[in-house]
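Working notes for the structure below.
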Amino acid sequence: MIKIPVYQPSLSGNEKKYVNECLDSSWISSKGRFVSLFEQGFAHYTGVKYATSVSNGTVALHLALLALGIGNGDEVIVPTLTYIASVNAIAYTGAIPVFVDSLEDTWQMDPADVRHKITPKTKAIMAVHLYGHPCDMDSLVSIAKEHDLFLVEDCAEAFGALYKGKHVGCFGDISTYSFFGNKTITTGEGGMVVTDDDTLYDRAVHFKGQGLAKHREYWHDVVGYNYRMTNICGAIGLAQLEQADNFIAKKIQIAEWYREGLKGLPIIFHPKIGDVRHSYWMCSILVNDPSKRDPLRAALAEAGIETRPLFYPVHTMPMYSQKYQRHPVAENLGWRGMNLPSWPDLKRDQVDYICDRIKDFFGNEKA
């Protein structure tokens, strides 16, 4: 029986009040004041010019690529150590995902490998800020400019993360977020596309609303999609955004508790490297010995503690493994890593309990 889940949302703000307003007013679909309030508030919070909401984080990525005009035969460079949605969104457009390895210290995509993988067909780089730690954006921006490539930021796991004092999502041509139930702020299901570019914003809004023409009712001038967010989701999102600073501060505090409690064990806690704010979407560890990862997870499960493995490198999955590839750092991280409970309302005694069970595991291993 699970005593401590790996994640659960904190819904103690104005969520119920705002949702009840949607129900009372009957504005429950994609029209209603909360959608625009959430979009405006999100843009202001993250420091971008435009934000347009969508129904989930995966379609946010697809919409961003559509807005850029990515299509058949184009190549998009993406880290292999990422959630599958990053890569699937590229495939949806007919483009080809080109995988790159990770850096050992930050676990983020390796800029040197990005540079190595550029070909005449490369149209974009997708930077995924994995588990709340920013990528090396100076290097990636420089490479994109040098080769005239689009830069897409997948910020699904990095709401609240900062790179040199600026929110992730501010560096690319277009960027995306996810608000699934396990994200730092949630709408249940939902996402956001952000950009400073007027044209990209207009294209994203156009494509997400069934390709409806601006000045002619029921006239559609492109093949569009129904990717709109509901007013109910917008209401939850606005209430979550009001608590964002508190959520991020709590998650950083939880990470410090883990770091302190796990000191001296044969594991590595996901470190903060450079002039960044690691937002710790997940509190992640690497076991020194890969063969101990799954037994440790089993021992924690027996103690009522839910965990998750790190993402498996996408180039190892059947639909993306037609061509043999090796990405040794990503593979090593994927086999050694796991995520510990890290939701904002996690208490110190719960973290201590988790750390004690991990200590017990390694103590029993020595015995």
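The numbers here are math on the coordinates, done by the rules we state, and not lab data. Not measured: the values here are computed from a predicted model. Here Cβ is always computed from backbone atoms with ideal geometry, including for glycine, and neighbour counts include all displayed protein chains.
Between the listed residues H315, C283, N332, the Cα displaced farthest toward the positive end of the dipole of the stretch 244-366, a dipole computed from Cβ unit charges relative to the Cα centre, is found at H315. Is there a pair in K263/K347; K16/K214; K3/K166; K164/K214; K166/K292; K166/K250 whose C-alpha atoms are over 28 Å apart, and which pairs would that be? Result: K16/K214; K3/K166; K164/K214; K166/K292 exceed 28 Å.
About its Cα centre, the stretch 244-366 has a charge dipole of approximately 340 debye under the convention of +1 per Lys or Arg Cβ and -1 per Asp or Glu Cβ, with nothing else charged.
Largest mean-square fluctuation among T307, T199, T186, in a Gaussian network model of the chain whose springs join Cα atoms under 10 Å apart, belongs to T199. When its C-alpha radius of gyration is set against 2.2 N^0.38 Å (N residues), the stretch 112-208 gives a value of 1.11. Taking Lys and Arg as +1 and Asp and Glu as -1, the other residues whose beta-carbon sits under 12 Å from that of L162 total +3.
Evaluating 6.51 cos²θ - 1.76 cosθ + 1.60 at θ = phi - 60° for every residue in the stretch 256-273, the Karplus couplings come out as 5, 4, 4, 4, 5, x, 9, 4, x, 8, x, 9, 10, 7, 3, x, 8, 10 Hz, glycine and proline recorded as x. Of all DSSP bridge pairs formed entirely within the chain, close to 60 percent run antiparallel. Taking a ≥ b ≥ c as the square roots of the eigenvalues of the alpha carbon gyration tensor, the stretch 244-366 is oblate, as a/c is not under 1.5 and a/b does not beat b/c.
Over all orientations, the stretch 156-296 has a Cα convex hull whose mean projected area works out to 11.9 square nanometres. Electrostatic tally near Q253: other residues with Cβ closer than 12 Å to its Cβ, Lys and Arg +1, Asp and Glu -1, net +2.
Count the net charge of all other residues whose Cβ sits under 12 Å from the Cβ of S139, scoring Lys and Arg as +1 and Asp and Glu as -1. Taking every Cβ under 12 Å from that of S139, the sum is -3. Measuring between their Cα centroids, the stretch 234-286 and the stretch 308-367 lie 16 Å from each other. In summary, the convex hull built on the alpha carbon positions of the stretch 267-314 has an orientation-averaged projected area of 4.5 nm². Cross-link reach is defined here as a Cα-Cα straight distance under 17 Å, omitting same-chain residues fewer than 8 places apart; for K208 the aspartates and glutamates meeting it are E39, E189, D197, D198, E217, D221. For the chain, a crude dipole built from +1 on the beta carbon of Lys and Arg and -1 on the beta carbon of Asp and Glu, taken about the Cα centre, is about 400 debye to the nearest 20.
Taking other C-beta atoms within 10 angstrom as a stand-in for reagent exposure, I358, I28, I77 fall in the order I28, I358, I77, fewest first. Checking (i) 34, 27, 17; (ii) 38, 24, 18; (iii) 65, 23, 16 against semi-axes √(5λ) of the Cα gyration tensor in Å calculated from these atoms, the matching label is (i).
Overall, the stretch 176-240 carries a charge dipole of about 200 debye about its Cα centre when +1 sits on the Cβ of Lys and Arg and -1 on the Cβ of Asp and Glu, all other atoms neutral.
Scanning the chain for trypsin sites (Lys or Arg not before Pro) that sit in a DSSP loop and have at most 14 other Cβ atoms within 10 Å, the longest stretch containing none of them is 50-120. Scaled against the 2.2 N^0.38 Å expected of a compact globular protein of N residues, the Cα radius of gyration of the stretch 1-47 reads 1.56. For the stretch 83-234, the antiparallel share of DSSP beta bridges with both residues in that region comes to about 50%.
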